[in-house]
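Below is one structure; the comments refer to it alone.
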Amino acid sequence: MEDIIFYDRIQFAFTITFHYIFPQLTMGLSLLIVFFKWKFLRSKIEKYNNAAKFLMKIFAINFTMGVITGIPMEFQFGTNWAKFSELTGGIIGQTLAMEGMFSFFLESSFLALFIFGEKLMGQKLHFLTGLLVFIGSWASGYLILATNSWMQHPVGFEILENGKYVLNNFSELFGNPWLLPSFLHNQMASMVTSSFVVASIGAFYILRGKQVEYGKMFLKTGVIFGLISANLVAFPTGDWNAKNVVKYQPAAFAAMEGIFETEEAGSEIVLVGQPNMVEKKLDNKIAVPNVLSFLTYQNWNKQIKGMDEFSKEELPTNIPGLYYSYHIMVGLGTIFIGLMTFAAFLLWRKKLFTNKAILWSIMSIVPLTYIANLAGWYTAELGRQPYLVYGYLKTVDGVSPTVSSGNTLFTLLGFIGLYILLGLLFLLLVGKTINDGPTSKAH
Amino acid sequence: MELFWFIIIAVVMAIFFILDGYDFGAGIIHLFFAKKEDDKVVIAKTAGLFWDANEVWFVVAGGLLFMAFPTYYASVFSGFYLPLMIILWLMIFRAIGLEFRGQFKYQMWKDLWDKVFGISSLLLAFFFGVGLGNVVRGVNLGSVENGVSLYEPHYFFLPLWNSDFSPLVTHPGIFDFFTIIIGVISVLTLAIHGANWIIFKTNSSINDKLKSTIFIMNIFLFVGSLISLNFWRNLNNDFFNNFWDKPYLLVFPVLFFVGVIGQFFIKKFKKDYYGFIFSTLTILGGITSTLASLFPVILPSRNNVNPDLTIYNMAVEGDGLSMALGWGIVGIILMAIYAIVRLKLTKGKVDDMDYGH
């Protein structure tokens with residue numbers, strides 16, 4: 001490979017990809033658990049309480065996986081990206097330490113209380129612990145996004161003579177214009193995954209004909225939350241993010257959209273096509289003229305800079321990867337909106353629970369929601385390249401000076417092996433829990 | 001300000017070793033002494049109910065270290081790359097063992113994850129001790145060869161071992177005679193701690209037998225500590241200077257020895273938690289006296305070219321530490337409250353508690 005940081009990057013990408021399978025479910029799921037628990041408090045119907053407790057079981061499995069795959073993320077800042085940690089630890093150390101101290105602590109403590117303390121605390125306090133788990137997990141997302149936003153669009157800092165980045169304005173770190181749009185977009189995407197998972201469990205129960213009552217409840221709730229979140233993830237939150245990218249990372253935007261050449265007037269929007277990096281064009285392109293300019297600037301004829309306007313140093317390093325990530329995310333997002341709109345229509349017409357085709361579709365589509373979430377993150381992270389701190393610190397300058405790539409390859413192989421095992425066991429355990437269902441008393 | 005954050009991080013680290021220490025120890029006891037299924041279940045429970053909340057302290061300690069001493073975080077984590085990665089893998093294995101053991105009723109399934117849990121606990125206790133030994137002994141900062149640093153003065157990289165396993169050379173490996181002894185001490189300390197935890201939290205059938213086991217392990221711990229002190233004196237003749245200068249620091253080694261000596265009376269204790277208190281003192285005293293002896297150094301240099309790393313030359317520059325003070329104090333108070341609430345909720349023996357999520 002061309003560069004010495006290849007294995008470091010692959011290791012971080014692999015471990016964070018695997019890690020993010022779990023939090024993306026737990027963040028959204030915690031809100032659904034709070035919803036079911038609230039329904040129970042209002043209606044006193046026991047099945048809502050059982051639903052909340054059942055989903056918390058799935059939450060807990062995912063949370064455990066999130067913890068044990070999350071510790072390696074924290075470690076890797078020091079082990080593989082030592083120079084980056086040394087230079088910017090004064091800033092991202094703040095947000096990461098706060099994440100551990102406030103949100104992670106909150107989440108893990110109250111998760112235990114929710115699981116073990118229902119009889120001890122009574123129903124209102126039990127609801128409150130669920131709410132605190134939800135707050136903890138969303139605060140965790142917020143602080144991680146604050147860290148990432150600083151890397152995407154650094155604010156509130158100065159660089160000392162020795163090259164170190166120090167924080168000089170704490171509130172700017174949290175008032176970062178990049179932060180709120182990406183946080184909301186991320187949380188809505190997490191809601192998509194968890195709503196689809198809940199709907200999918202519901203569809204499964206209905207199709208197999210066992211625990212059908214719970215199946216209908218899960219499906220209905222999942223479809224309603226899924227419809228809302230699938231729309232919110234595109235508009236307005238996705239739209240805000242795109243506008244931020246145009247404004248702060250125009251080179252990344254050109255690569256995401258696959259605009260090799262700047263057009264005279266308004267820019268077309270590419271729906272399909274494969275980047276041809278040799279001839280600098282898209283093969284098999286299907287595009288609609290002027291739409292991208294309208295979406296970006298609400299002006300059909302405004303010019304958008306193409307990749308030809310930027311030097312090689314400014315452009316992302318993996319243009320096809322970035323282009324595909326972005327288009328996979330957008331394409332899947334569109335499918336989700338379509339499916340959930342149709343499902344909601346059937347729900348309204350009272351035909352949802354008997355329509356086998358749609359039940360099978362909802363049950364099977366779940367993996368795609370995970371892919372869409374991860375593709376979104378790949379878009380953000382590949383778009384940031386070749387920088388760690390956009391515009392300031394190059395990725396190649398952040399790596400550990402003393403860790404050879406041979407050692408990194410060794411640990412990368414170790415992680416791959418271990419995570420394959422972990423993934424299989426996770427599927428086994430989640431599958432068993434779902435199969436047993438909410439009425440199971442077994443542990 | 002550096003000193004304040006150093007103390008906070010040291011306290012969080014010590015709490016981590018006291019808390020996660022007992023479930024590492026429970027794993028070690030589980031591996032060697034639990035024979036009956038009932039005992040295996042209940043011992044796994046004493047760890048399984050608590051490990052994840054305990055490891056939160058580890059994450060917080062890491063986060064605070066990153067925030068307050070980023071250069072140190074970068075230097076130590078990249079320098080001890082291999083052992084840290086192995087620790088991560090062991091932690092993952094241990095978690096798998098604990099979480100999956102009860103999922104199926106097949107005997108072989110349980111046996112498999114019991115062994116995974118036990119062995120990874122044992123190795124983790126050993127590796128953490130070896131890690132502490134490395135910090136005490138120091139490393140070849142800057143990877144000096146023939147009087148020239150190959151890297152910036154605070155960077156280094158340690159191989160797992162050198163051919164002679166000697167701690168006295170300028171470029172030692174992770175494992176040498178000294179660090180291995182510290183590793184063994186760590187295993188003994190945590191095994192005693194875990195056994196006390198089991199006595200405290202369960203009604204298992206091996207509780208009485210464990211008291212004799214603790215007594216024997218404690219003899220080895222006592223002797224091992226004295227041997228390691230002698231080694232330490234050879235490594236660094238000044239290791240007692242801080243205590244002469246500031247005699248109040250002597251409270252830390254006293255805690256350690258009160259813990260160890262008190263443990264010898266294990267069979268006479270009237271309450272099940274007395275032993276646990278003494279082993280807690282041992283861990284607390286051990287960690288604090290080590291840090292007090294090194295202070296303000298946090299990683300000694302084993303060559304004459306590059307200086308030791310101290311809390312002063314490693315602290316973050318700018319106003320970051322003061323800015324963190326506000327949220328840091330709130331965070332510490334919250335952490336203490338969560339921990340106390342949790343302790344209250346899980347008081348009593350775990351035998352009848354609902355296990356498994």
Original post:
So, counting K/R as plus one and D/E as minus one, what does the shell of residues with Cβ under 15 Å around B:Val144 add up to?
Top reply: -2
Subject >> Cα→Cβ-extended label distance, 7 Å offset, between A:Lys280 and A:Leu421, nm >> reply: 5.0 nm
Original post:
the protein assembly as shown: percent of C-alpha pairs farther apart than 36 Å?
Top reply: 48 percent
Original post:
How much length, in nm to one decimal, is gained on full extension between B:Asn207 and B:Asn237, taken as 0.36 nm per residue of separation minus their Cα-Cα distance?
Top reply: 6.6 nm
Original post:
How high is the relative contact order of the range B:263-319, given as a whole-number percent (alpha carbon pairs under 8 Å, six or more residues apart)?
Top reply: 19 percent
Subject >> Theoretical FRET efficiency, 1/(1+(r/R0)^6), r = Cβ-Cβ of A:Ala13 and B:Asp164, R0 45 Å, to 0.05 >> reply: 0.70
Subject >> Relative contact order, percent, the range A:186-238 [alpha-carbon distance under 8 Å, six or more residues apart] >> reply: 44 percent
Original post:
Relative to the present Cα-Cα distance, how much length would full extension add between B:Phe177 and B:Phe257 at 0.36 nm per residue of separation?
Top reply: 26.5 nm
Subject >> Förster-model FRET efficiency, 22 Å R0, B:Asn146 and B:Phe295, C-beta, rounded to 0.05 >> reply: 0.10
**OP:** Between A:Lys119 and A:Lys243, with labels modelled 7 Å along Cα→Cβ, what's the label distance in nm to one decimal, could you check?
**Re:** 5.5 nm
**OP:** Would you grab the residues whose amide H sits under 5 Å from the one on A:Ile269? Only those 5+ places off in sequence or on another chain, please, with H modelled 1.01 Å from N.
**Re:** A:Val288, A:Asn290, A:Val291, A:Leu292
Original post:
Which FRET efficiency value, to the nearest 0.05, is calculated for B:Val330 and A:Lys356 with the Förster distance at 60 angstrom and r the Cβ-Cβ distance?
Top reply: 0.65
**OP:** For A:Ile335 and A:Phe235, calculate 0.36 nm times their separation in residues minus their Cα-Cα distance, and state this gained length in nm to one decimal.
**Re:** 34.5 nm
**OP:** Quick one: check the C-alpha center-to-center distance for the range A:285-357 versus the range B:91-156, whole angstrom.
**Re:** 45 Å
Subject >> trypsin sites (Lys or Arg not before Pro) within the range A:283-344, DSSP loop, no more than 16 other Cβ atoms inside 10 Å >> reply: A:Lys302, A:Lys305, A:Lys312
**OP:** List the residues of the range B:84-110 whose backbone N lies under 19 Å from a point placed 7 Å from the Cα of A:Lys210 along the Cα-to-Cβ direction.
**Re:** B:103-106
Original post:
Looking at this model, which pairs from A:Lys119/B:Lys270; B:Lys209/B:Lys267; A:Lys83/A:Lys305; A:Lys47/A:Lys432; B:Lys36/B:Lys105 are more than 22 angstrom apart at the alpha-carbon?
Top reply: A:Lys119/B:Lys270; A:Lys83/A:Lys305
Subject >> Between the range B:263-316 and the range A:170-237, the Cα center-to-center distance that results, in Å >> reply: 47 Å
Original post:
Please state the relative contact order of the range A:121-213 as a whole percent: Cα pairs under 8 Å, 6+ residues apart?
Top reply: 22 percent
Subject >> Computed magnitude of the charge dipole of the range B:2-345 (debye, nearest 20; Cβ of K, R +1, Cβ of D, E -1) >> reply: 1480 debye
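Each reported figure results from applying straightforward, stated rules to the coordinates on display, with no laboratory input. This one's a predicted model, so the numbers in the text were calculated from it and none came from an experiment. Glycine gets a Cβ as well: all are built from the backbone with ideal geometry, and neighbour counts include every protein chain shown.
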